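The values are calculated or read from the model by the stated rules, or taken from the named source; none is laboratory data. As the structure is a computational prediction, the values presented were derived from the model and not from experiment. Virtual Cβ from ideal backbone geometry, glycine too; neighbours counted across all protein chains shown. These area figures cover heavy atoms from the full protein model, side chains too; ligands, DNA and RNA do not enter into them. Shrake-Rupley method; radii C 1.70, N 1.55, O 1.52, S 1.80 Å.
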Amino acid sequence: MNIDHVNLLAIETSCDETAAAVVEDGRLIHSSLIASQVDIHARYGGVVPEVASRQHMLSIIPIVEGALREAGVDWPGITAIGVTRGPGLAGSLLVGVNAAKALALARNLPLVGVNHLEGHIYANWLIDREEGKGNEELLAAHAEPVFPLVCLIVSGGHTDLILMKGHLQYQLLGSTRDDAAGEAFDKVARLLGLGYPGGPAIQRVAAGGDPKAYKLPRAWLKDTLDFSFSGLKTAVLRIVEGAGKEADGKAGVGRPDLDVAGLAASFQEAVVDVLTTKTVAAARKYRARQILLAGGVAANRALRERIAAVLPKEGPLPVHVPRPIHCTDNAAMIASAAYYRFLTGKTDGFDMDVVANLRLV
Ligand code: KG4
Ligand code: ZN
């Protein structure tokens with residue numbers, strides 16, 4: 001780590017991961033630690049907010065200390081502190097924001113509040129350290145995203161198409177009218193008895209299924225860049241409810257005529273189809289030079305492969321997708337976004353509050 005450079009320590013506690021990271025100049029990750037609570041919430045089939053904030057309280061200090069230790073840096077080497085201030089669960093956000101404020105006050109460091117979605121976008125700027133490679137070499141090997149770009153944010157709570165003409169400039173092109181893509185994965189996984197979190201479970205089961213097994217609807221919402229996934233979810237529900245009915249009236253998962261792998265694969269295919277088609281259409285319409293994917297669902301292998309495959313036919317639109325570990329919630333992405341805010345002098349006072357429904361645009 002070069003201490004003449006800007007080193008951000010960032011904290012992320014918007015949902016059920018307690019995370020801290022140290023990132024140099026918005027791009028080079030020196031450490032990125034995530035304490036996952038997934039095992040604790042899995043037994044409830046979703047995140048329980050009170051349990052999440054209590055876990056954050058237990059994990060936050062060890063995670064911050066661990067991030068500094070792993071980065072091999074002490075407080076004099078840190079330039080500023082970034083933290084997610086929304087959107088997310090208020091009780092969870094509060095733990096991170098209060099920890100960040102306390103540390104900024106104690107160490108006399110600038111405080112930078114970040115929108116969680118902005119963090120997901122900036123995961124595309126991150127570079128992992130590689131054994132034996134210097135900073136210059138790493139930077140040369142990983143080109144920065146170029147503007148104007150179109151970014152598809154697909155997370156548990158959001159499905160947004162964003163146009164960026166420069167750093168920190170966001171224009172909303174379209175978003176979901178009902179469920180977010182990740183929410184649809186989670187709900188359908190529950191319908192199919194696949195557990196929580198749903199996205200990775202569906203991906204795993206779908207790998208052994210035929211994506212043409214079931215004909216499922218796609219909401220194209222023609223002439224808009226909006227999305228809708230609730231009809232698709234209902235269609236899956238109807239199929240599950242119908243399974244086995246003809247035989248003895250008892251329906252549901254576990255009936256021999258319900259092909260769970262095929263249904264998971266067909267569902268995933270329908271989501272990927274709509275996300276890819278709309279993102280490419282947005283990029284063409286706004287003459288984007290690049291497409292970025294962001295958020296937990298961007299970790300989905302089928303989506304990553306499809307968008308990469310479709311693009312060469314569509315013209316020179318390089319697509320960038322963060323590594324799967326940087327797609328789901330982490331603090332390195334918050335450090336990156338905080339760095340670009342910090343560069344423009346956008347710091348926050350100690351009166352900064354959490355905003356559970358903070359908007360990006
Ligand atoms: O961005 P994220 O970690 O948290 C939010 O900000 O919401 O996204 C979590 C969402 C969950 O709905 C999860 O099921 C989904 O991302 N997800 C996936 C995959 N990994 C996580 N969805 C599809 N395929 C995956 N591999
Ligand atoms: Zn997230």
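Quick notes
- DSSP beta bridges fully contained in the stretch 149-317 are about 60 percent antiparallel.
- Note on surface exposure: Asp186, Asp39 rank Asp39, Asp186 by accessible area, highest first, 1.4 Å probe.
- Choice from Ala104, Ala141, Ala337 with maximal GNM fluctuation in the chain (Cα, 10 Å cutoff): Ala141
- The average projected area of the chain, computed from the convex hull of its Cα atoms over all directions, is 18.5 nm².
- The listed residues Glu241, Glu65, Glu183, Glu17 rank as Glu65, Glu241, Glu183, Glu17 when sorted by accessible area, largest first, using a 1.4 Å probe.
- Phi to ³J(HN,Hα) by Karplus 6.51 cos²θ - 1.76 cosθ + 1.60 over the stretch 139-156, Hz, x for Gly, Pro: 5, 5, 7, 10, 5, 6, x, 10, 9, x, 9, 10, 10, 9, 9, 10, 10, x
- Antiparallel DSSP beta bridges within the chain, as percent of all bridges there, nearest 5: 55
- Solvent-accessible area per residue, Å², over the chain with all protein chains present [probe radius 1.4 Å]: 43
- For the stretch 149-317: rounded, prolate or oblate by the Cα gyration tensor [a/c cutoff 1.5]: prolate
- At most 14 other Cβ within 10 Å, DSSP loop - chymotrypsin sites (Phe, Trp or Tyr not before Pro), the stretch 288-361: Phe350
- Short-range pairs are left out: with C-alpha atoms under 8 Å and at least six residues apart, the relative contact order of the stretch 66-190 is 15 percent.
- Taking amide H atoms as placed 1.01 Å from N in the peptide plane, the amide H of Gly82 lies under 5 Å from those of Leu9, Ala10, Ile11, Val112, each 5 or more residues away in sequence or on another chain.
- Just checking the listed ones, Val114, Val83, Val38: in the Gaussian network model of the chain with Cα springs under 10 Å, the one fluctuating most is Val38.
- Within the stretch 84-178, GluC sites (Glu not before Pro) in DSSP loop having at most 16 other beta-carbon neighbours inside 10 Å: Glu130, Glu131
- Every helix of 4 or more DSSP H residues in the chain counts as -39500 (n - 2.57), and over all residues that averages to -13000 deg cm²/dmol at 222 nm.
- Overall, the accessible surface of the chain at a probe of 1.4 angstrom is composed of carbon and sulfur to the extent of 52 percent.
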